[in-house]
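Structure, as structure tokens:
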Amino acid sequence: MPGEFTANDAVTPAHAELRREPDGTVLALSGALVLETASAARRQVEDLLRTTPVALLRVDASGVDRGDMSGMSLLYELAEGRLTPGTRAELTGLKLEFRTLLAELPSPEAIERLETPPARRSIWEQVGAETVSVLRDPSRATPRLTVMAASPLCRLERETGVESATSTLARKVLPLGTLRDAWG
């Protein structure tokens with residue numbers, strides 16, 4: 001198809017240039033920000049920013065003539081201050097088609113949620129929390145929960161002959177067949 005880019009076509013290498021202007025520092029990007037060039041462009045940008053500390057950064061992306069998600073991730077990192085800690089960049093001159101691609105990347109909040117997983121609780125903490133929630137509201141009990149809570153107690157009850165509060169509650173909430181399946 002005419003005008004369509006194929007893997008055999010030559011890719012214009014990306015180029016980055018840093019210049020000081022009265023209203024701050026400008027990082028001018030040009031060329032293709034695609035899979036084949038994005039990592040080299042990123043290294044070039046990192047080198048430029050490492051040698052020149054910036055307080056205010058504007059990225060002029062008007063020279064970017066090709067782009068894909070690999071290239072947009074570089075612009076995203078610049079805009080969110082991931083390459084210049086404490087300094088978020090203002091993107092200017094980016095063509096509409098690339099702004100659309102950039103908008104598809106997840107929000108900083110979504111990425112932060114991915115980066116900070118919730119604290120892991122032990123199985124005993126989970127069983128305890130679920131047991132307390134069922135004691136407060138017996139309608140929350142499910143067969144899976146009963147099996148999870150009752151399994152460690154079954155052996156203890158068989159060995160001691162003493163019935164626990166959890167199994168008493170489970171017998172009242174769940175059908176007998178479910179308990180028979182759980183306790184075997």
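Cut-off is 10 Å between beta-carbons; in what order do L101, L96, L135 appear when sorted fewest neighbours first?
Fewest-to-most Cβ neighbours within 10 Å comes out as L96, L135, L101.
When only the Cβ of Lys, Arg, Asp and Glu is charged (+1, +1, -1, -1), the dipole of segment 15-109 relative to its Cα centre reaches about 200 debye. For E90, nonlocal amide neighbours, meaning residues 5 or more places apart or on other chains whose placed amide H falls under 5 Å from its own, are L57, R58, V59. Put a plus charge on the Cβ of each Lys and Arg, a minus charge on the Cβ of each Asp and Glu, and nothing anywhere else: the dipole of segment 85-125 about its Cα centre is then about 40 debye. Mean separation of Cα pairs under 8 Å and 6 or more residues apart, divided by the residue count, gives segment 15-109 a relative contact order of 28 percent.
No lab work stands behind these numbers, since they all come straight from the coordinates. Just so it is clear, the structure is predicted and the values come from calculations on it, not from any experiment. A quick note on method: Cβ atoms are made from the backbone with ideal geometry, for glycine too, and the neighbour counts reach across all protein chains shown.
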